[in-house]
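For reference, the structure is listed below as structure tokens.
The values are calculated or read from the model by the stated rules, or taken from the named source; none is laboratory data. As the structure is a computational prediction, the values presented were derived from the model and not from experiment. In this analysis, Cβ positions are derived from the backbone assuming ideal geometry, glycine residues included, and neighbour counts consider all displayed protein chains. These accessible areas exclude ligands, DNA and RNA; they are computed on the full protein's heavy atoms, side chains included. Shrake-Rupley method; radii C 1.70, N 1.55, O 1.52, S 1.80 Å.
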Amino acid sequence: MNSKVADRIATGVFVTIAFIIVAILAALFSFILFRGVPQISWEFLTTPSSSVRAGGGIRDQLFNSFYILFITMLITVPLGVCGGIYMAEYAKPGKVTNFIRSCIEMLASLPSIVVGMFGLLIFVNTTGWGYTIIGGALALTIFNIPVMVRVSEDAIRSVPAEMKEASLALGITHWHTIKTVLIPSAFPGILTGAILASGRVFGEAAALLFTAGLSTPRLDYLDLNPFSETSPLNIFRPAETLAVHIWAVNTNGIMPDIREIANGSSAVLVLAVLIFNLLARWLGSVVHKKITASK
Amino acid sequence: MENKAALSAGERLIKSKQNRSLGELRGKILVTLCALIMITATVAVTIFLTVKGLQSFLVNHVSPIEFLTSTNWNPLADQPSYGALPFIFGSLAVTFLSALIAAPLGIGGAIFMTEIAPSWGRKVLQPVIELLVGIPSVVYGFIGLTVLVPFIREHGAGTGFSILAGTIVLSIMILPTITTIATDAMGALPSSLREGSLALGATRWQTIRKVLLPAALPSLLTAVVLGMARAFGEALAVQMVIGNVRNLPASLLDPSATLTTIITLNMGHTTYGSVENNTLWSMGLILLIISFIFILIVRYLSSRRKI
């Protein structure tokens, strides 16, 4: 029968496609890890990078990546969760809500380089800060907020309606219900989403290229005064992140060991994102078990 | 005594009610403010980039028609010319070509996960897709640079930096976007559709082709358009493998440049406020406009979604 043969062929094609996708991932990961992991050593992680000589590490870039991530999440999470609460609980269907939804959609699909250009225009040139960590973090906030809002909205919406109704029926006000019933139940979902978003932010480079810059000043890790020029905690200093470093080394690096640095940095970056992913799943399920008492 | 206790209880109740309603108002203001911030951000991005992007036409009197149609990009010549057509062409070329590769793979993967092997296929492919999303774009670019470019150089022609390399890197990058949305779309189809078709004696492939794909078509197109939007806006990964020349490419193996790669490369070298710098902002404006167009297409498609 013709249709039976066609059915078999189609099944074969779909299985092949699935196989190709898995093979692509396996090839990418084994390539990055086999080439990169041997480069990672304590020394590689703890020496500052060198722009001309071989043997530079990624200490400052690694710190900058985490620091920018931390500041970004400090701004994004409260804003995103509040935005999510608004969209899930207060937004009435209508023109205004539609407009907000369009705004979120547009922010979500803005190319990251456009966000970077906007950051360059506002946080670098208009404010006169120059390339700064805070400028980079604000640009990443623009880039990250739509994700956070969507995650929080979904998490809040997926809380069973009975829980909310029971709380309201007991005479608890709406905001109090949100604070004491909805947010705690939605917490695992929001946490998972936030960690996944962190992974995205950690690997982002194009938006940071124009806002946090391509250089890091000489840092003194014992100087914890956030207003000092050499302090790593100063948010008004330029900072090259790990992802930007990989790009910069590959496109205009002049040190002799470009390949080794790029291999090692890529492996660190991918491992970090991988850890974020696993952490998100694990923490999400642990917290979920803990507060919902379900098995 | 009794009366007094009741009174104070009543007072307490009234007081707590006042506190509550105050908190209620404060909460509402707080979350509404956050919604307003999102509107402000979107509007600000649009307005500031539009104003800045129009400067090269309004202040520097670069002809918009020349900008959009000339293939001659030479801002440093005595008679500078600003033709961005090769970059616009490059952007559109890699976008469509990568969609051409990634769409069948992504939709095929989605069909595999929802129709062929829903139980274990999903268990294997879902994490794979999530991990593919997680790999940062610079890493894709780096692998393209160290593997793909030398491979094309040895087996094809030229330096290896080519539209082809850019297309392959981008198609892998947008594959997870397309697969995820397509899987959601196929999974959301009511199972009565499947069962009805199968009950009539149709094979699985006939069901997929004649019933499920047409039903999910608007959502599948949405998936492809969102993937294209991502490919169009991607900057660093493409920049590392495409070669960045200002000529129109004649074949797939020729180097080229896209709007994003030219902006990435030149933004740091040009003086802020110079004509050349301003034309880069105009290219940014084009990027913004085209990503808005992608959204409009998605909105149109989702309004046509019936199931």
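The set of residues from the range B:278-305 being open to solvent by 70 Å² or more (accessible area, probe 1.4 Å) and free of Cβ contacts under 8 Å to residues at least 40 places away in the same chain comprises B:Ile289, B:Ile293, B:Leu296, B:Arg299, B:Tyr300, B:Ser303. Looking across the range A:103-128, the residues that are more than 25 Å from B:Val224 (Cβ to Cβ) and either touching an Asp or Glu at 6+ places or on another chain (Cβ under 7 Å) or surrounded by fewer than 19 Cβ atoms within 10 Å (Cβ to Cβ) (or both) come down to A:Asn125, A:Thr126, A:Thr127, A:Gly128. With a requirement of 2 or more residues that are buried (at least 24 other Cβ atoms within 10 Å of the Cβ), the helices (runs of 4 or more DSSP H) lying completely within the range B:129-234 that satisfy it span B:137-143, B:163-187, B:213-233.
The residue of the range B:31-48 that is surrounded by the most Cβ atoms within 10 Å (Cβ to Cβ), among those that are out of contact with any Pro (no Cβ under 9 Å at 6 or more places or on another chain) and under 16 Å from A:Trp175 (Cα atoms), is B:Val31.
Among helices (runs of 4 or more DSSP H) entirely within the range A:109-200, having at least 1 residues that are small (Gly, Ala, Ser) singles out A:112-119, A:133-157, A:161-169. Among the residues making up the range A:1-42, a single one is touching a Ser or Thr at 6+ places or on another chain (Cβ under 7 Å) and open to solvent by 60 Å² or more (accessible area, probe 1.4 Å): A:Lys4.
Here the condition is being touching a Leu at 6+ places or on another chain (Cβ under 8 Å) and among the β-branched types (Val, Ile, Thr); of B:Thr264, B:Thr271, it holds for B:Thr264 alone. The residues on offer are A:Gly253, A:Gly284, and the sole one that is within 14 Å of another protein chain (Cβ to nearest Cβ), within 24 Å of the chain's Cα centre (by Cα) and not hydrophobic (A, V, I, L, M, F, W, C) is A:Gly284.
Considering every residue within the range B:151-160, establish whether at least one is within 12 Å of chain A (Cβ to nearest Cβ), under 30 Å from A:Leu25 (Cα atoms) and touching a residue at least 40 places away in the same chain (Cβ under 8 Å). No, the range B:151-160 has no match at all. Filtering the range B:266-277 to residues that are more than 13 Å from A:Met117 (Cα to Cα) and open to solvent by 30 Å² or more (accessible area, probe 1.4 Å) leaves B:His269, B:Thr271, B:Gly273, B:Ser274, B:Val275, B:Glu276.
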